[in-house]
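Below is one structure; the comments refer to it alone.
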Amino acid sequence: MKKFNNIFTPLTVKTMTIKNRIVMPPMGTNYGGTNGEFTEEHIKYYEQRAKGGTGLIIIENVCVDFTMGSNGTTQIRLDHDKYIPGLYKLTERLHKHGACASIQINHSGASAVPARMEGRTPVSSSDIPSKTGGAVPRALTKEEILDIVEKYAAAAKRAQMAGFDAVEIHAGHSYLICQFLSPVYNKRTDEFGGSIENRARFARMIIDAVRREVGPMFPIMLRVSAEEFIEGGNTLEDTLEILQYLNDEVDIFNVSSALNDSIQYQIDAMYLEDGWRSYMAKAVKDKFNKPVITTGNIRNPQVADDILKEGKADLIGMGRGLIAEPNWANKVQSGKEDTLRKCISCNIGCAGHRIGLNRPIRCTINPDVINEDTLENRKVNKQTNVVVIGGGTAGLEAACTAAEAGSTTFLLEQKAYLGGLAREIAKLPAKDRINDFPDYLINRAKNLKNLITFTNTTASVELVENLKPDVIINATGSKPLLPPITGLLDRIDKQEKIQSIFGLIKNVEMFKNLDLKGKKIAVVGGGAVGLDVVEFFTEKDAEVTIIERLPVLGRDLDIVTKVQMMTMVEENKVNVMTDTSLLEVKDNSFKVNRDGKDQEIEFDYGFVCLGMRSETPILASLQEKFADTGVEVINIGDSLRARRIIDGTQEGRYTTINVLEKLNLI
Ligand SMILES: Cc1cc2nc3c(=O)[nH]c(=O)nc-3n(C[C@H](O)[C@H](O)[C@H](O)COP(=O)(O)O)c2cc1C
Ligand code: SF4
């Protein structure tokens, strides 16, 4: 039997035959035009995933009722016939590559994006916001409900006319249908509220109206949040009951989970295992005996194949996995799974951009989400030597890019291993998925014959000069930022009790084995790194205090990680001290100031995580040596300014291409 045979077995549902079991689930992108139309880059983005072998692509949630149902700053619309031609161009392009296409129709209700609402009050089943701090909606009248039902039906008909093979109704993730299904939001006392049958009525009406429009043989998919993971919300058992009322006329169940306030189980946090949610899909499949999709951190082909083999699901949803690696299916089918660029579930470029910042989606590890082949047919026009100093992720991306463009590339790394800070952070148990990125880069580098890597090699001006560079790329990373606070420099990472993030990483095995129950841990710095430290110690049942100068924790976090971290802080009763400044580091305590009063925060272990700063040991000497020689010296990644991995990846790719272009080498 062929490897991963279960993945590459076709599936027929009514008029749709999907060539394999890999499904791209819907994911908002902010690639649409301002009027809700498809743009060429948007089509290209989906086309890449079709070209990469994906069996079924479900286009991101589209608006059935503009403006009241809007979601996303430039969400695609399907509320008018004028959108049909643009969508047809898309389905045509996907079909050319053998992919099937579905589209998710949606009304966001209380989750409508305020920027598009022009001051109107959003609607819902009742007047409950769809997330903590969200807008208070008003309850829909019965007349309005009936009107919205017809809008779903009209949108589904347009989808069929635009060449889609199926349509998906979005009944999960805190959008309007979910706002009726979930007791968290639905407080109605009429025939649309109260009992499960009543809460399911709106969805039932929509499914029936859609069926009426699309005919008996057109597949209808339904996406649900099977477990809502919120106190008082639907459990899997509740959902199985709800689906009894919705089952007729649904052809595929797309089994998702969670609400806005539990978004870490919807756009899965990094620590959740590949396929952890498949038990929900199995329960739906067992009860209704219809094809089901499971999704959630599935990146590993063996896990995907096992889920199918064990009958837990019929189709594998791979969302962010396909943002990061559009060629997932083709690579796996052709036995090249060791070259997969596996999504690390960081949520920074995708969810962070789309949901938190109104930006178009990008990816931490894939510098070119839309085009993929940035360097196709672009090779250096003469012998070119590129020297890259620093084998972290930015340096590795730069070295691979330069070598793929045909330059003879030398990568110099001081340590015995490549991967830099990403490798260090990945030593924390909740972060080990990050290893997949350096693994991918190192594997890519190994396959490039013109990329010569030297580990255990400290770069010097002489060494670099001997390599006769045309371009020098400095990617020497960063080190902890240690402001001149009394007692800090003398103690940090010098005394066992006071450490930086690197101290924790270095001693992580020791801390894992220690009984820390009830021990006092104090962490200074409430950014991403400080919260990682807090997460580590709350799992060990320690008593944790976090000290932050700003009024809030996690200001720089993406939306998913923020919800995850705030839940972790609350559930573990972490002592949160915001608006608090560190004054002095002592042997067993931090002296801090809060509300104008000085206090001592005692600890068994104290951590200071105040950020990172760039490290550039030989950059100035290189700039001086190569000034006016025609050799370009550039600085990228954290050694330019300490930031996130995504910035280094972007610079590793594009700064490298730009400099080769500037020198007329490509
Ligand atoms: C940027 C982004 C946008 C998303 N938008 C949608 C959406 O429009 N509709 C939907 O049902 N789910 C949406 N999701 C959830 C995904 O479909 C998917 O269930 C989730 O990312 C988990 O799967 P994965 O681990 O394979 O990425 C979105 C996820 C991301 C990252
Ligand atoms: S940004 Fe992070 S989570 Fe999103 S697709 Fe890329 S690697 Fe995955």
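Figures for the structure shown
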read-out	value
Using a Förster distance of 45 Å, the FRET efficiency for Tyr279-Glu615 (Cβ separation, nearest 0.05)	0.50
Over the chain: helical MRE at 222 nm, DSSP H runs n ≥ 4 each giving -39500 (n - 2.57), nearest 500	-9500 deg cm²/dmol
Principal axis dimensions, segment 65-173 - Cα atoms, whole angstrom, descending	45, 27, 24
Charge dipole of segment 396-447 about the Cα centre (unit charges at C-beta), most positive-ward option of Leu441, Ala402, Leu418	Leu418
Cβ charges +1 (Lys, Arg) and -1 (Asp, Glu), total dipole of the chain, debye	1200 debye
Segment 88-210, relative contact order [Cα under 8 Å, separation at least 6], %	30 percent
Built amide H within the under 5 Å cut-off of Phe410, gap 5+	Val386, Val387, Val388, Ile452
Modelled FRET efficiency - R0 35 Å, His80 with Phe288, Cβ distances, 0.05 increments	0.55
Estimated D of segment 407-505 in µm² per second, where Rh is the Kirkwood radius over Cα pairs and Stokes-Einstein applies at 37 °C, 0.692 mPa s	203 µm²/s
Under 5 Å, built H, 5+ apart or other chain: amide partners of Asp268	Asn297
Volume per residue of the C-alpha convex hull in segment 531-601, rounded to whole Å³	93 Å³
Ranked Phe164, Phe626, criterion: other C-beta atoms within 10 Å, fewest first	Phe626, Phe164
Subset of Lys312/Lys573; Lys331/Lys379; Lys282/Lys331; Lys479/Lys512; Lys519/Lys597 violating a 30 Å alpha-carbon distance limit	Lys312/Lys573
Viscosity 1.306 mPa s, 10 °C: Kirkwood-radius Stokes-Einstein D of the chain over Cα pairs, µm²/s	60 µm²/s
Sum of side-chain charges, Val214 neighbourhood, beta-carbon under 15 Å (Lys, Arg +1; Asp, Glu -1)	-2
Relative contact order (%) - segment 292-397, alpha-carbon pairs under 8 angstrom, separation at least six	18 percent
Label-point separation, Leu357 to Lys427 (7 Å along Cα→Cβ), nm	2.9 nm
Cα centroid separation - segment 355-418 against segment 102-170, whole Å	42 Å
Per-pair calculated FRET efficiency, R0 = 35 Å: Asp490 and Lys519 via Cβ, rounded to 0.05	0.90
Where the Cα pairs of segment 11-356 fall when distances are cut into 20 Å bins, in %	34, 62, 5
Residue pairs, from the table Lys497/Lys517; Lys342/Lys506; Lys187/Lys285; Lys96/Lys449, whose Cα atoms sit over 23 Å apart	Lys342/Lys506; Lys187/Lys285; Lys96/Lys449
Cα-projected label distance for Lys187 with Met510, points at 7 Å along beta-carbon direction, nm	5.3 nm
Relative contact order (percent, whole number), the chain, Cα cutoff 8 Å, 6+ residue spacing	11 percent
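None of the figures in this text is laboratory data; all of them are computed from the coordinates on show. Because the structure is predicted, anything quoted here is derived from the model rather than measured. Glycine also receives a Cβ, built like all others from the backbone with ideal geometry; neighbour counts cover every protein chain displayed.
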